[in-house]
Amino acid sequence: MTRTPTRLPRTLGTSMLAMFTGWVALLSWRGLIDLPRHYLGPALVAGFLLAAVGAWARALRVPWYAVPLIQVVVCALFVNHHYYAASSWHRWVPTPTSVRHVWHAVHLGAVDVNKFTAPVSADRHEAYIYLLVCSIGIMLAIDLLACGLGRVPLAGLPILLTLSIPISVLVQGLSWVVFVATAFLFLMLLSTEETRRVLGWGRTVVGNGTRWNSLDQMVNGGSVRTAAVRIGMVTTLGALMLPLAIPVGHDLFGLHDGNKPGNGPSSGIQIVNPLVDLRRDLAAQTHTPLVYLTTDQPDPEYLRMTVLDEFTGTDWRPSSRHIPKSNQVHGAMPAAPGSTSSTKDDPHTWDLRLASTFETRWLPTPYPASDVTVDTGDWRYDVTTLDIVDAGADSTSRGMSYQTAAANPRITSTSLNDAFSPPTSIVDPMTKLPANLPKTIKDVALQVTRGATTEYAKVVALQDWFRSTGGFTYSTAQRPGSGTSELARFITTDKVGYCEQFAAAMAVMGRTLGIPSRVSVGFRSPDVNDSPDNYIFTSDELHAWPEMYFAGVGWVHFEPTPSVQSGRAPAYTRERVVAPNTATESPTAPATANNKPKPTDNVPAPTTTGAGGNHTWIPLLALIILVLLVSAAPRLLRDSRRRMWLAPGQDPPSLAAGAWAELQATATDLGIAWPAAKSPRATGQLLVEQVNPTPEQLAELDDFVEFVERARYARPFGTDDATQQQVLAAVQSWSALLASSVRPAGQRLARVFPRSVLARRTPAPAAAIGRQAAERV
């Protein structure tokens with residue numbers, strides 16, 4: 001124990017370097033899911049915990065096979081606390097409920113990652129948990145191989161596996177920046193380990209940390225690291241420059257024809273708040289035609305432009321959109337976030353044309369749209385909102401034509417009333433409110449919804465209060481604004497406003513009740529043009545309305561604006577709620593929209609719609625291969641050493657060194673003490689005391705020890721095949737004899753987890769013994 005403080009800095013430094021190498025390699029997975037920071041951040045924290053715990057355990061000389069078990073326990077506690085602290089004892093100790101939630105979430109996350117084409121939508125909350133668990137597995141494997149077993153080259157296997165996934169799955173492939181950073185860190189890890197090994201040889205010069213090797217050359221850490229860095233730089237530059245000469249490698253630098261995702265304008269756009277235009281046009285009442293529509297859908301309504309999902313306390317505004325080039329609109333659209341119901345009406349085609357005077361950066365479309373076809377401009381969709389944004393620098397929307405297909409999900413009051421609890425990935429951002437929100441707003445929301453037992457009932461109560469029972473009046477003459485003070489006055493004293501105030505107030509009140517809410521802006525309902533299938537959306541139909549999230553259904557629009565302006569409320573808010581069939585709530589009942597996991601499960605079921613990927617088996621197979629490689633690595637390394645040490649046709653010094661090393665490794669594997677500082681004869685005598693040999697076995701050991709001593713200390717001599725076979729037979733015989741001296745459990749452990757692979761001191765190589773013998777000639 002007294003040596004722990006001196007060992008800890010070295011082990012901690014190596015562990016942190018190994019962990020950070022793995023984490024940087026994991027950056028190559030960013031394209032697997034939107035908003036990857038939601039799993040990369042927790043993965044970095046878990047990596048620090050893993051490295052710190054591993055370094056401390058090794059400094060305390062905990063058995064190597066026990067260290068990964070301790071790390072797994074610590075990381076499991078972190079994952080449980082990070083995602084399901086509410087269902088854990090004292091927020092840290094797992095309970096059966098929290099363990100079930102984690103297991104269920106990992107399973108659903110694996111389904112989502114394997115089913116949907118990358119990037120997986122950010123509303124697939126469980127995909128983040130699954131990727132975090134995979135990331136911990138990668139870093140644990142690197143730590144075990146590099147720090148636990150001391151085999152840094154083998155640690156390159158999980159790193160290569162990590163970097164191969166984007167090459168196999170993602171369209172954009174592997175980022176060259178991630179490749180260079182990972183290669184540099186891995187080479188640093190190699191140089192650190194090899195520096196320690198090199199400095200373990202030779203004679204120490206007391207006081208300056210320098211050693212002299214067998215050729216009387218001075219060796220120190222700086223010289224080794226300098227050579228390693230030079231080799232690493234040449235190797236990395238070679239790996240980067242070689243693809244330039246190979247056509248298929250150009251995309252590493254993005255030098256291809258620019259058709260890959262990410263080229264062109266910036267993927268992130270901060271959209272200007274569209275409420276300003278809505279206020280101006282509604283107040284002007286110019287009845288200016290903006291959108292022409294031809295459709296076979298009867299009574300089309302709600303043509304949405306964008307979503308305002310961020311409430312600042314001053315107003316509602318769109319959050320930043322993630323629109324990489326891979327999200328260009330060219331046909332089929334992703335499934336609506338949160339929707340798991342396959343019950344839909346037949347889609348209707350909407351042929352749309354924007355007026356020559358209408359300039360917009362948000363493409364008006366029905367929500368949700370199953371298909372959008374645009375022939376001009378660079379229009380891209382955001383996967384979390386499905387609004388479509390113009391990413392072109394110089395393009396214009398004036399007079400453009402396009403076609404959409406309205407998905408028309410069949411929403412009923414029963415499906416909304418029976419919806420299960422939404423995931424935290426939706427609840428957290430979509431219920432966020434400013435700290436200075438007046439308490440009056442929540443008090444009024446609680447008063448209006450008193451007696452409502454479900455979120456659906458609360459939302460309908462809010463809608464009806466604004467439309468009829470709350471005493472509100474619709475007027476565009478009221479001063480605009482949707483800040484906290486304006487909303488507080490609007491719902492308590494003024495009670496006069498237009499769609500902006502009604503939508504903003506209902507969304508804020510919904511958030512105070514813990515219901516995910518946002519505001520959408522677009523057009524309410526069109527005027528009939530010259531035929532029943534032709535319609536016109538004018539500036540007078542510009543509208544804002546709230547949307548609430550119901551798991552299994554998705555985002556659903558409601559209509560709090562009084563009927564004098566908005567017409568009838570949505571049908572599903574006027575229907576009678578059908579009592580749920582209790583049989584469907586049986587644990588063995590098939591999964592439908594009404595018998596999803598209970599609210600405490602906090603995990604949505606996988607969707608049955610959406611674009612499927614052709615890589616469904618890759619992450620799972622990669623994880624299985626990784627586990628097998630890590631499990632088999634010690635045994636494979638031990639067998640490799642045995643073949644090298646006992647290779648046929650060796651000269652006497654090499655044969656003696658290899659045979660003696662094999663016998664020493666066998667004793668170490670079995671847990672038998674091996675006195676490294678003693679002579680071969682003294683060591684042989686100690687081995688005799690460990691076992692009960694026969695006279696023939698004693699004579700065999702004496703001959704073997706004499707052979708080793710001659711190879712080490714006598715003049716060079718030759719040997720024949722019979723002598724070599726005798727040496728190999730002695731090693732085999734005494735290895736079996738040593739194995740018979742321990743319990744069967746110890747023999748099995750030696751076969752599965754040979755401890756000799758952890759040995760910090762390796763036997764002197766045959767070349768050194770040969771030089772010593774030559775010097776004595």
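With both labels modelled 7 Å from their Cα along Cα-to-Cβ, the residue 530 to residue 81 distance reads 7.1 nm.
In order along the range 566-571, phi translates into HN-Hα couplings of 9, x, 6, 6, x, 4 Hz, rounded to whole numbers, per the Karplus curve 6.51 cos²θ - 1.76 cosθ + 1.60 with θ = phi - 60° and x for Gly and Pro. In this structure the amide hydrogen of residue 520, modeled in the peptide plane, comes within under 5 Å of the amide hydrogens of 308, 545, 547, none closer than 5 places in sequence on its chain. Placing R0 at 60 angstrom, the Cβ-Cβ distance between residue 714 and residue 440 gives a FRET efficiency of 0.05 after rounding to 0.05.
Going by the alpha-carbon gyration tensor, a ≥ b ≥ c the square roots of its eigenvalues, is the range 668-757 rounded (a/c under 1.5) or, if a/c is not under 1.5, prolate (a/b greater than b/c) versus oblate? It comes out prolate by the Cα gyration axes. Near the amide H of residue 304, within less than 5 Å, lie the amide hydrogens of 365, 367, 523, all on another chain or at least 5 residues away, with H placed in the peptide plane. Rounded to the nearest 0.05, what FRET efficiency do residue 69 and residue 319 have when you use their Cβ-Cβ distance and R0 = 45 Å? Taking R0 as 45 Å, the efficiency between residue 69 and residue 319 is 0.60. What the phi angles of the range 297-314 give under the Karplus curve with 6.51, -1.76 and 1.60, with θ = phi - 60°, is a coupling list of 7, x, 6, x, 7, 6, 9, 8, 9, 8, 10, 9, 10, 10, 9, 8, x, 9 Hz, glycine and proline written as x.
Proximity of backbone amide H atoms, modeled 1.01 Å from N, is registered between residue 355 and 291, 292, 399 at under 5 Å, excluding neighbours fewer than 5 places apart on the same chain. What length, rounded to one decimal in nm, is gained on full extension from residue 373 through to residue 706, with 0.36 nm per residue of separation minus their alpha-carbon distance? That works out to 111.3 nm of additional length. Inter-label distance, residue 348 to residue 686: 8.9 nm, where each label sits 7 Å from its Cα along the C-beta direction. Peptide packing for 536-542, 736-742, 503-509 was compared via the average number of neighbouring C-beta atoms within 10 Å per residue; ordered from the highest value, the list is 503-509, 536-542, 736-742.
The gain in end-to-end length when the residue 447 to residue 398 segment is fully stretched comes to 12.9 nm, 0.36 nm per residue minus the alpha carbon separation.
Taken together, the values in this text are just the output of simple stated rules run on the coordinates, not laboratory data. Owing to the predicted nature of the structure, the values given are computational and were not obtained by experimental measurement. Virtual Cβ from ideal backbone geometry, glycine too; neighbours counted across all protein chains shown.
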